[in-house]
Amino acid sequence: MGITPTASSPNSCSEEWCCKGLGAKQLSPKISDTRITNLLFIQCGFVVDQYGGVTKAAVCALRNAIEFSSISGVIETIPGGKSKMLIQVKLGVPPENKVVSKNEETGNNHTDSEMGCQKQRSAASVYRPMKVDLTHVAEEFPHGKLLEVEVVGGGLSFSTGRIVQELGDKADIAVCVLASVSVGFDNGTRKENDDEILNQDATTTNTS
């Protein structure tokens, strides 16, 4: 089965890339089933921001993953070149301090007390990752097409023991964000159970 025609947004780019006419395109997962079928490259990075800037930490973690990597030979193996290169980003971000019930997450109006026992209340609670401005994440890539960025609970937050208001501190919290960057391409082939597997993966991610 062939793939659905790709729909993408205008290039997202930092000032550094825009002035050079570069910038990756962001693909919309709602209207495109584009995916990495041929994986060529994976790099991981992590960064600690001692002032609690989770978006800044996420961006720096991406740079840590890719800034010392050269994939010129990899790009040459992609049919269609760098314009057809797909980028997949996964971020491990510390949870917010607030514990969110799954009822709130899904819009269910039932309260924990209505659910019955303590075991059910515990199972119905999830830790929502801190909010990351994904626009800045997309700006880090000069070429290719960026698939939907996945943000999951992970990383680390901890007390620094001090608040430096002059540097924008609002609390004595530092955050550590982890990032994985995968590069590959879509060869257009699909197996009969591909969509089923993808749906299962999405369900597992949303409930973990």
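Rolled with a 1.4 Å probe across the full set of protein chains, the surface gives ARG63 an accessible area near 110 Å².
Globularity index of region 123-164 is 1.67 (Cα radius of gyration / 2.2 N^0.38 Å, N = number of residues). The accessible area of HIS136, taken with all protein chains in place and a 1.4 Å probe, comes to roughly 80 Å². Pairs from the list LYS25/LYS170; LYS145/LYS191; LYS90/LYS170; LYS56/LYS191; LYS145/LYS170 with a Cα-Cα gap above 30 Å: LYS25/LYS170; LYS56/LYS191; LYS145/LYS170. Taking all protein chains together, MET85, MET130 sort by accessible area into MET130, MET85, largest first [probe 1.4 Å].
The packing ranking of peptides 144-151, 175-182, highest mean first, is 175-182, 144-151, where packing means the average number of other beta carbon atoms within 10 angstrom of each residue.
Round to the nearest 0.05 the FRET efficiency obtained for VAL48 and LYS90 when R0 = 25 Å and r is the Cβ-Cβ distance. Here the calculated transfer efficiency is 0.85. Each Lys or Arg adds one and each Asp or Glu takes one away; over the other residues whose Cβ falls under 10 Å from the Cβ of LYS84, this sums to +1. The accessible-area ordering, largest first, of the residues PHE141, PHE41 stands as PHE41, PHE141, per a 1.4 angstrom probe.
The values are calculated or read from the model by the stated rules, or taken from the named source; none is laboratory data. Remember, it's a predicted structure, so these values are computed and weren't measured experimentally. Don't worry about glycine lacking a Cβ; one is built from the backbone with ideal geometry, like all the others, and counts go over all protein chains shown. Areas reflect the complete protein model, heavy atoms only, side chains present, ligands, DNA and RNA absent. Shrake-Rupley method; radii C 1.70, N 1.55, O 1.52, S 1.80 Å.
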